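Report on the following structure.
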Amino acid sequence: MELTANSIAKHFVKQYGPSVRWTVCYQSRVGPLEWITPSTEEELKKAGQRGESVIIAPIAFVSEHSETLVELDITCQKLAIKFGVQEYKRVPTLSLSDVFISSLVELIHSAESVGINSQDHVRICPREYNKCPYIV
């Protein structure tokens, strides 16, 4: 995720200049265990203190679900307002992109043409599925 974020950030910096500030942050803490940092909440607070706007790009998720629709769109947006973030936006997940769907189709067709194999070389599809790309 960090490599992907770095690649995306390079494009933004190239287009908008070195003043673009970016970071990878994490949300969805569960339980009392220490979580990966920095948290999204911490970063929203810092952005609010600096009077900045925030664009959240959920690159770890390929579909819209509870973490994007509830945590990012509702909970984090409320935190952003509370902390004084100038503007808060979230980028849609890849699942809504025609390019992403087309890429998945290409990967599937590619796998079908070369065959899919599990590490232990056992059949990966139940016998009733006669179109399994890997048949023993």
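Reported count of residues in segment 51-86, each being out of contact with any helix residue (DSSP H, G or I) (no Cβ under 7 Å at 6 or more places or on another chain) and outside any helix (DSSP H, G or I), is 7. Scanning segment 87-104 for residues that are in a loop (DSSP other than H, G, I, E, B) and over 11 Å from the mean Cα position of the chain (by Cα), we see that the one that is farthest from residue 6 (Cα to Cα) is 87.
If you check residue 89 against the conditions, is it surrounded by 11 or more Cβ atoms within 10 Å (Cβ to Cβ), touching a helix residue (DSSP H, G or I) at 6+ places or on another chain (Cβ under 6 Å) and at pLDDT 95 or above? No. For segment 9-19, the count of residues that are within 13 Å of the chain's Cα centre (by Cα) and either surrounded by 16 or more Cβ atoms within 10 Å (Cβ to Cβ) or not in a helix (DSSP H, G or I) (or both) is zero.
The values are calculated or read from the model by the stated rules, or taken from the named source; none is laboratory data. Computed from a predicted model, the values in this text were never measured in an experiment. Quick reminder, even Gly has a Cβ in these numbers, built from the backbone with ideal geometry, and neighbours come from all protein chains shown.
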